[in-house]
1. Using 0.36 nm per residue, how much length does the chain from Ala468 to Met90 gain when fully extended, once their Cα-Cα distance is taken away?
2. So, in nm, how far is label Ser264 from label Asp378 when the simple model puts each one 7 Å beyond its Cα toward the Cβ?
3. Based on alpha-carbon centroids, what's the gap between segment 262-316 and segment 84-159 in Å, whole number please?
4. Would you work out if segment 96-140 is rounded, prolate or oblate? Take a ≥ b ≥ c from the square roots of the eigenvalues of the alpha-carbon gyration tensor; rounded if a/c is under 1.5, else prolate when a/b is larger than b/c, oblate otherwise.
5. Amide H of Val586: which non-local residues (sequence gap of 5 or more, or other chain) have their own amide H closer than 5 Å, using H built in the peptide plane?
6. Measure up Lys483/Lys583; Lys53/Lys73; Lys483/Lys667 against 28 Å on the Cα-Cα distance and list the ones that go over.
7. How large are Rg and Dmax for segment 319-454 when calculated on the C-alpha trace, in angstrom?
8. Normalising by the residue count of segment 624-689, find the relative contact order in percent from Cα pairs under 8 Å and 6+ residues apart.
Amino acid sequence: MASIIPRPTCLGFSIVKLRHILIFIFLLLTVHLARAEESLDSISTIRALAPEKAALHLPAVIEAVVTFYNPVKNNCLVYDGKEGMFVTLMDDPATRPKMAVGTRLRFEGTTQPGDFLPSIEARHVTWLGDGSLPEPRHISGSELFLPSLDCQWVEISAIIIGNSNSTGRTLNITLVAEVSGWTFLVRFPDNWKESQRAAELMQRPVKIRGVVGSLCNGQRQLTSRYLFVNSIEQIIPTETAISDHEPPLRAINELLRSDSTSQSNVRVRGTVIHAASDGLYLRGEGDCLLVRTAITNGFAPGMRVEAEGFPAIAMFRPVLRASRVTIFEHTPPPLPEPLDLTGNNLIRQQAELVTVDADLLTIREGSSDDAVLQCRADSWIFEARLADRNSLPLALAPNDRLRLTGICELTNNQPLSADSLADGFRIELRNAADITILRHAPWWTLHRLLWALAIVGGLALAFLAWVAQLHQHVDSQTKIISKQIEQTAVKDERQRVARELHDTIEQELAGLSIQLSNARQRLARTPDKADQALDLAQRMLRHCREEARTSIRDLRSVALDQHGLAGALGEFLAPLATECGAKFIVEERGESSGPTGHVAMHLLRIAQEAVTNAARHATPREIRMRLEYGADSLTLEIRDDGTGFDPTAPAPRGHFGVLGIRERANKLHATLSIESAPGAGTTIRVVVPSQPQVNGENP
């Protein structure tokens, strides 16, 4: 019977899936309610967020009045009556409602951590109506640097003391203000062009209404402070700082003497030597002077001007903060003075137009668009700065000889600026024409010389390595050749011994055969004379046997290779001396590696013959052998105390020992001496030159 299997159902699976969906929806609602509970509808609430939480892009809606608007960068600063905040505009500018200072708007967007305090990105902006700026918060100089004042709408009393238009552009004027001894910057929008009106504010007490801005480091710590100002109308003069009567005319070197103060309004006259972005350099009576002024356009070197303003303390020489500069004469551009490199008159050349010849060390980029030339003149190392690095001559290279013309600015690393503490200077170049190349650097620079030395050193090392390898190869080949020569010498020696066996022994055997034939004939004819022939044949046979033994020893000997000549003499000759009961002594004097090849073999044979003769015929008690190595010769001496003989007498018939010694000495081109007498022993001395020749060839 077939079994019945129930069909699966998806009901259980659907219930589980539905449960997960409900949990997910619940979590979403929880998160939404949690965010809804965070009422991000005020600037105070957003500013109170931690940077990490503000980075979560939480939704935010605020209503506030615009206190500063920058249409170029699409951002603004707003104030809700209690707090201020920075807003980045992310909506479409084409559909954006009317934006102006004082307009009330609703901003809808998300939070951002900001650089200093949290801000918002507004993706939708709603216009709520035109309005006016609220009453600003009045602060003192000590309150200006409170971190909590960031983005706040404030009013502060200060004095305008100059401008900081370091880039030379007139569309973005930044004024310098002073309050309670502190200085801060006042920044205007990029489209602000009222530079002339700004010049009229110089040295005047004012009230500034603006929004507090902050500069900070990577740890969100406050490092500087400035005010955003919408227009010149927000800088309100409070009193007339300049008197109605004409101020006195002073020489430049008379400023800030004991009879004047920084509040004394004065006039100075001079010739413009350079129109910089932040002021004019004048050459006047006695000295040069930097005149700080908001307007430098329209001035050129050679103009005679009169500047009216207030002197201020600066390093090495006062500066003049001018409220008015008037042109009254045009003259040719002034010529530069040679820079005093002796240092005796250097302090007088502060702010002066100078020229100096120097060697270029290197070029580096400055803090903005400028280029800095590091140079050396005599014992001075200094910098020359050019505002536009793109105008540098392309041909400039390190070690070029240059003539530089520019404004001299003294430098020091001390807290005081006394004359004696000026430890250097820098040159502010007016333009690229102030750089003249007198002489290009020689091709052989230190860098190239070091490279050349490195290459030469590398080649020398490679050559030495090649020489060492060649020497090793030569040594190896020399050893191979020496071995081959030695093998050839052994072969030649064997051939020589073979020739000796053939020439000597065979001849003696032939002679022996003749004597035996004679003895046989005499034995048949005259028996009484046969004994003499047999005796001679016996002696010839004995000598032939000794020659054969000697030749065999020559073929078998390895003592010369292993022990040298002295060792071989001891090995072969000591047994001969022992046979006759004599004492055998070998002496070796001097230092030498010892003779090899044919020389050693001939000397060994000479010694063998001498010892054999002494042992068999002289009955000695002592046989002494001496080897002496000299600087240019080798001496072999064999001495015995036997019966001796007469060297001048002819050798007995059948005795060939002395004759063999003479033949071998002649082959070595050696000097042979034989000293002997009956009953007085025998001394045989062989002196071999250092470079002996055997059979006309080097052994």
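The values are calculated or read from the model by the stated rules, or taken from the named source; none is laboratory data. Source: prediction; values computed, not measured. All Cβ positions, even for glycine, are placed from backbone atoms using ideal geometry, and neighbour counts span all protein chains on display. Surface areas here come from the heavy atoms of the whole protein model, side chains and all, with no ligands, DNA or RNA. Shrake-Rupley method; radii C 1.70, N 1.55, O 1.52, S 1.80 Å.
1. Numbers: separation 378, 0.36 × 378 = 136.08 nm, distance 7.71 nm.
My answer for the length gained is 128.4 nm.
2. Here the modelled spin labels are 3.5 nm apart.
3. What the calculation gives is 39 Å, centre to centre.
4. oblate
5. Met625
6. Details: Lys483/Lys583 38 Å; Lys53/Lys73 26 Å; Lys483/Lys667 24 Å.
In this structure, Lys483/Lys583 exceed 28 Å between Cα atoms.
7. Just the Cα atoms of segment 319-454 yield Rg and Dmax of 17.3, 65 Å.
8. Numbers: 111 pairs, mean separation 27.8, N = 66.
The value is 42 percent.
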